[in-house]
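Have a look at the structure below, then the notes.
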Amino acid sequence: MKVSSLALLTLLLAALWTGSQGISFRSPYSACCYKDMFIHQKIPALLIKSYQETPSHCSHRAVRVELRNGKRFCVDQHWFQQHQRQKQSARTSA
């Protein structure tokens, strides 16, 4: 009984410690984009809430886009860079 209580206490403390340290047990590859995650249609700029480029260790260089409705997709990095340039030029010309 004491051994199981000690094991449970150790597990609980380990969980609390990792949570406070911001350590994640998720794979670093969870931030990568894979074939089934890509969207191949144009996304209107006003629907994009946030974006993040995939890390350099990923096999596909892409941008993860989160829409205002919470859906997340991956888009081609070159398309997104062109999209950003058009958005920037629209702001400067207005």
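The values are calculated or read from the model by the stated rules, or taken from the named source; none is laboratory data. Remember, it's a predicted structure, so these values are computed and weren't measured experimentally. FYI the Cβ positions are ideal-geometry reconstructions off the backbone, even for glycines, and counts take in every protein chain you see.
Values for this structure:
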read-out: Region 57-70, residues that are surrounded by fewer than 12 Cβ atoms within 10 Å (Cβ to Cβ) and farther than 13 Å from residue 30 by Cα; value: 68, 69, 70
read-out: Residues of region 28-51 classified as under 22 Å from residue 90 (Cβ atoms) and in contact with an Asp or Glu (Cβ under 9 Å, 6 or more places away or on another chain), total; value: 4
read-out: Matching residues, region 80-94, being without any contact (Cβ under 8 Å) to a residue 12 or more places away in the chain and either surrounded by 13 or more Cβ atoms within 10 Å (Cβ to Cβ) or in a helix (DSSP H, G or I) (or both); value: 81, 82, 84, 85, 86, 88, 89, 90, 91, 92, 93
read-out: Hits in region 69-94 - residues which are more than 15 Å from residue 51 (Cα to Cα) and modelled with pLDDT of 90 or more; value: none
read-out: Residues located in region 41-56, provided they are closer than 14 Å to residue 30 by Cα and surrounded by 14 or more Cβ atoms within 10 Å (Cβ to Cβ); value: 53, 54
